[in-house]
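*Asks:* Below you will find the structure I want to go over with you.
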Amino acid sequence: MVTISVAGASGYAGGELLRLLLAHPDVSLGAIAAGGRAGDRIVDVHPNLIALADRSFDATSAQVLGQADLVFLALPHGESASIAEQLPDTVRIVDLGADFRLTSSAAWEQFYGIPHAGTWTYGLPELDGNRARIQQSRQVANPGCYPTTVALALAPLLSAGLIETTGISVVAASGTSGAGRKPADAYLASQVMGSMSAYGVGGVHRHTPEIEQSLARAAGEAVTVSFTPLLAPMPRGMLSTCSAQVKPGASAAQLRAALLDAYAQEPFVIVLPEGVLPQTSSVLGTNAAQLQVVLDERVGRVIVLCALDNLGKGAAGQALQNANLMLGLSEGLGLTTNGVAP
């Protein structure tokens, strides 16, 4: 039995981690830490986690967290590094924040405004070569939710040389849980319900350099992306519409084949049958990402749609997938591709 601790357990991603870990057959829960809520009952924050009715949040302490075999850091951006450096070398770490995702210190400092803490193994198993690196790593940076959708949608097409590396456009909608628990007028029910709005427009969203980093690795050269995120009136879920100019001669069959070949053996990435479009309700509560590819022959552009649960494959589910790999466990333990409906 493996012991896993969670820091930042009072947040949405932290709560989803706890829910998944409670159903994991080979895991026992160690420290459940939440600095601002230390001493509070867990069910007062996560009433769905009735199995933890007798437990309260622990203080966020490296000494307490470090008694586990693996620690999830579900902390705000910029807060993971100080805890990580205090944990024993024997402890494996999956960071759900952005602290260690970027390879470029200049990009990190431009978009986050604080010194760069370093770079860890990038935890998107489905990208070429990543799974083996994750299995061998003690420290893994869990990808962001938006970058996960874009990389899954476009990396195979770039690797196959079917699309251009410039002129890529992504318009993606996320549920409100993607913004975390922090109170803000923009996330009040009266502001969100019955409305959609854009934010981080004009290349300023913090996920932009991470998106371009993953796509550049697939392409073998620099890639530029115009990224526009949208806030959707739903608690969780994400749908990204990724569009790129196809290279001369690239056919709809070749584009589809590139995705099918890339994900033929991937349990959590599903290329839907032709004519079936992804929807967020189909992936609710899962670690699945659903894809569809369509060629707009009139303008010579391909559209790849990707739907996932921003708290599942976009955060906690993917983190558990990475943890399973790091611990030598079956990759899919505690995870599912079957959604909840209606």
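*Asks:* Select the strands (runs of 3 or more DSSP E) contained entirely in the stretch 170-281, then report the ones holding at least 1 residues which are under 30 Å from ALA34 (Cβ atoms) and in contact (Cβ under 8 Å) with a residue 12 or more places away in the chain.
*Replies:* 225-231, 238-245
*Asks:* Taking the stretch 46-60 as the region of interest, how many residues are more than 22 Å from GLY180 (Cβ to Cβ) and small (Gly, Ala, Ser)?
*Replies:* 2
*Asks:* Now, a different point. Going through SER214, SER177, SER137 one at a time, which residue ends up being surrounded by 22 or more Cβ atoms within 10 Å (Cβ to Cβ), touching a Lys or Arg at 6+ places or on another chain (Cβ under 9 Å) and closer than 23 Å to ALA13 by Cβ?
*Replies:* SER177
*Asks:* Filter the stretch 75-109 down to the residues that are in contact with a Phe, Trp or Tyr (Cβ under 8 Å, 6 or more places away or on another chain) and either in a loop (DSSP other than H, G, I, E, B) or over 19 Å from THR3 (Cα atoms) (or both) and list them by number.
*Replies:* HIS77, GLY78, SER80, ALA81, LEU96, ALA98, PHE100, ARG101, LEU102
*Asks:* Checking the condition touching a helix residue (DSSP H, G or I) at 6+ places or on another chain (Cβ under 8 Å) and either at pLDDT 95 or above or over 30 Å from GLY129 (Cβ atoms) (or both), which residue from GLN245, GLN191 passes?
*Replies:* GLN191
*Asks:* On to the next question. Of all the residues that make up the stretch 110-123, how many are surrounded by 14 or more Cβ atoms within 10 Å (Cβ to Cβ) and either of a type in the set (A, V, I, L, M) or part of a strand (DSSP E or B) (or both)?
*Replies:* Residues that pass the stated criteria total 3.
*Asks:* On to the next question. Which residues, counting only those in the stretch 181-226, are under 14 Å from THR165 (Cα atoms) and among the hydrophobic types (A, V, I, L, M, F, W, C)?
*Replies:* Within the stretch 181-226, ILE211, LEU215, ALA216, ALA218, ALA219, ALA222, VAL223, VAL225 qualify.
*Asks:* Follow-up question, since we're still on this one. Looking at LEU152, LEU162, LEU157 in this structure, which one is in contact (Cβ under 8 Å) with a residue 60 or more places away in the chain and either among the charged types (D, E, K, R) or under 27 Å from LEU17 (Cα atoms) (or both)?
*Replies:* LEU152
*Asks:* Something else: From the list ALA155, ALA107, which residue is aliphatic (A, V, I, L, M) and either over 26 Å from GLY237 (Cα atoms) or surrounded by fewer than 18 Cβ atoms within 10 Å (Cβ to Cβ) (or both)?
*Replies:* Checking each option against the conditions leaves just ALA107.
*Asks:* Are there any pairs, at least 6 apart or on different chains, whose C-beta atoms fall under 6 Å, with the first in the stretch 91-118 and under 18 Å from ALA319 (Cβ atoms) and the second of a type in the set (Val, Ile, Thr) and modelled with pLDDT of 95 or more, and if so, which?
*Replies:* Sorted first by the residue in the stretch 91-118, then by its partner, the pairs are VAL91/VAL71; ILE93/VAL71; VAL94/VAL140; PHE100/THR119.
*Asks:* Considering only the stretch 300-321, I want to know if a residue exists there that is assigned to a loop (DSSP other than H, G, I, E, B) and farther than 25 Å from ALA23 by Cβ.
*Replies:* Among the residues of the stretch 300-321, at least one is assigned to a loop (DSSP other than H, G, I, E, B) and farther than 25 Å from ALA23 by Cβ, which makes the answer yes.
*Asks:* Please indicate, with yes or no, whether at least one residue in the stretch 120-134 is free of Cβ contacts under 8 Å to residues at least 12 places away in the same chain, of a type in the set (S, T, N, Q) and farther than 20 Å from ALA288 by Cα.
*Replies:* No.
*Asks:* Could you please let me know if ARG55 is at pLDDT 95 or above, under 23 Å from the mean Cα position of the chain (by Cα) and of a type in the set (Lys, Arg)?
*Replies:* no
*Asks:* Determine which member of the set GLY285, GLY237 is at pLDDT 95 or above, crowded, with 22+ Cβ neighbours inside 10 Å, in the same structural domain as ALA151 (by TED's automatic domain parsing) and under 30 Å from ALA341 (Cα atoms).
*Replies:* Being at pLDDT 95 or above, crowded, with 22+ Cβ neighbours inside 10 Å, in the same structural domain as ALA151 (by TED's automatic domain parsing) and under 30 Å from ALA341 (Cα atoms) holds for just one of GLY285, GLY237, which is GLY237.
*Asks:* For the stretch 26-74, what are the residues that are assigned to a loop (DSSP other than H, G, I, E, B) and among the aromatic types (Phe, Trp, Tyr)?
*Replies:* The one that is assigned to a loop (DSSP other than H, G, I, E, B) and among the aromatic types (Phe, Trp, Tyr): PHE57.
The values are calculated or read from the model by the stated rules, or taken from the named source; none is laboratory data. Remember, predicted model here, so these are calculated numbers, not experimental data. Neighbour counts are summed over all protein chains in view; Cβ atoms, including those assigned to glycine, are modelled from backbone coordinates with ideal geometry.
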